[in-house]
Amino acid sequence: MSFSLSSSLSPALSPALSPALCAPPGSPVFDLASPCLPWEQQAACVLELARTRAVAPEDLLRHAGLARSALISPRQLLALLAALQHRLPATDTPFVLGQLSLPGHAGLASHALLQAATLGEALELLCRYAGRLSPLLTPRLLLHGDEALLLWTESCGIPAAQRAFVVDMHMSALKSLCQWQGGAALPWRFCFNRTRPRDLSQHVVFLGAELSFGCQFDAMRLPAALLSRRWPRAVKPNLAQRALEQNADPAAAGRGLLAALYDWLLPRYREATPLEQAAQAFGVSPATLKRRLALHGTHYQAQLDQARSHVALYLLLLQGRSSDSIASELGFHDRSSFRRSFKRWTGLTPGVALSG
């Protein structure tokens, strides 16, 4: 299925939130079954790790039910990762795979990362060209005062049994890239939307000791001042970035369906925007959008709730706004209605979330 967002997509959040990078209007939108990922980018990396761990690549492909082809879908990539999890159950597997993933072999997008002058430029590239660099999870950069927060959201649906693996892989990938490009480890802090695992040893080895579990989101945080620190490997001008901006690789700015829907919903967080309006923006019927979301393991209300809950958490935890103020900001008639919705979204009351 091929979607393209209408020009109604806003590239920024409302003034209540810091700017977030979204794909530009008209960017391609891929879904879970779209054959859109070049083999040499993601699949080849997985097979190379398997080979170094004495697992024959062809055995891994058979386990995943895949054959080599020019393009694979996100679903096929997830099947390959599941096969890797099964054949290499060692707890370091996602972290090592992450270290091999960026800057990767994603053509112009990877070259642009290599030529980035600063961490801030690299993060902007990663967010804007996630279709090539991070097709399973979409990163979103928020700036709040003296802190930068990179939020990881789903691109096109990840089975619950694989989510921790994929999140750990992506966080390890970015941490490794920044350390290699910048020449020094950065003081990242990590937030995980899952319970604390029994064994944290590999998290500590690959990510460090600043780990928080039981959060409402998967995110990486660090001082915003580091975004402007010049990287020694910088190349000016960044010709690869310039080529991307001139649309040399249109798919690089692509978005998974869930990421594109999040992009569209976030600027409209004050409204309980109906499914019919979203379907119109995506150029499909409401029934088609419902069916495609179901194939991604979700539904429209869940995606709307996620976007609004992220805004509520931002206003509560980072801006310190009161429940009355947030209720008004999100268009609720009273605080009680907001509290009930917040409890449904997060499993917590605003007071408990703030104290935690």
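General remarks:
- Of all the residues in segment 142-169, those that are acidic (Asp, Glu) and within 21 Å of residue 202 (Cα to Cα) number 1.
- Scanning segment 138-191 for residues that are of a type in the set (Ser, Thr, Tyr) and in contact with an Asp or Glu (Cβ under 6 Å, 6 or more places away or on another chain) gives no hits.
- Subset tally (residues that are farther than 25 Å from residue 73 by Cα and in a loop (DSSP other than H, G, I, E, B)) for segment 236-250: 4
- Those residues of segment 141-151 which are open to solvent by 10 Å² or more (accessible area, probe 1.4 Å) and closer than 17 Å to residue 177 by Cβ, in sequence order: 141
For every residue, the table says whether it meets (1) closer than 22 Å to residue 266 by Cα; (2) part of a helix (DSSP H, G or I); (3) out of contact with any Cys (no Cβ under 9 Å at 6 or more places or on another chain); (4) of a type in the set (Val, Ile, Thr).
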position	(1), (2), (3), (4)
148	yes, no, yes, no
156	yes, no, yes, no
168	no, yes, yes, no
171	no, yes, yes, no
174	no, yes, yes, no
177	no, yes, yes, no
197	no, no, yes, no
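- Residue count, segment 63-80 (criterion: crowded, with 16+ Cβ neighbours inside 10 Å, of a type outside the set (Ser, Thr, Tyr) and within 20 Å of residue 134 (Cα to Cα)): 8
- Looking across segment 53-80, the residues that are of a type outside the set (A, V, I, L, M), at negative phi and not in a helix (DSSP H, G or I) come down to 53, 68, 69, 73.
- Among the residues of segment 85-135, those that are of a type in the set (D, E, K, R) and over 19 Å from residue 48 (Cβ atoms) comprise 121, 124, 128.
- Once segment 81-109 is narrowed to residues that are outside any helix (DSSP H, G or I) and among the aliphatic types (A, V, I, L, M), the residue that is most open to solvent (accessible area, probe 1.4 Å) is 90.
- Residue match in segment 116-126 (condition: among the β-branched types (Val, Ile, Thr), in contact (Cβ under 8 Å) with a residue 12 or more places away in the chain, in contact with a helix residue (DSSP H, G or I) (Cβ under 8 Å, 6 or more places away or on another chain) and surrounded by fewer than 19 Cβ atoms within 10 Å (Cβ to Cβ)): yes
- Selection within segment 237-250 - among the small types (Gly, Ala, Ser) and either open to solvent by less than 50 Å² (accessible area, probe 1.4 Å) or free of Cβ contacts under 8 Å to residues at least 60 places away in the same chain (or both): 240, 243
- Positions within segment 110-123 being touching a strand residue (DSSP E or B) at 6+ places or on another chain (Cβ under 7 Å) and assigned to a helix (DSSP H, G or I), in sequence order: 123
- Boolean, residue 60 is open to solvent by less than 10 Å² (accessible area, probe 1.4 Å) and over 19 Å from the mean Cα position of the chain (by Cα): yes
- Scanning segment 200-236 for residues that are open to solvent by less than 30 Å² (accessible area, probe 1.4 Å) and within 14 Å of residue 142 (Cβ to Cβ) turns up 218, 219, 220, 222, 224, 227.
- Of the helices (runs of 4 or more DSSP H) contained entirely in segment 251-356, those carrying at least 3 residues that are open to solvent by 20 Å² or more (accessible area, probe 1.4 Å) fall at 275-281, 286-295, 300-313, 323-329, 335-346, 350-355.
- Tabulated pairs, segment 159-187, first touching a residue at least 12 places away in the same chain (Cβ under 8 Å), second β-branched (Val, Ile, Thr) and open to solvent by less than 10 Å² (accessible area, probe 1.4 Å), C-beta under 8 angstrom, 6+ apart or interchain: 165/93
The values are calculated or read from the model by the stated rules, or taken from the named source; none is laboratory data. All values reported here derive from a predicted model rather than from experimental measurement. For neighbour counting, all protein chains shown are included, and Cβ atoms are generated from backbone atoms with ideal geometry for every residue, glycine included. Note: accessible area is taken over every heavy atom of the protein model, side chains too, but ligands, DNA and RNA are not part of it. Shrake-Rupley method; radii C 1.70, N 1.55, O 1.52, S 1.80 Å.
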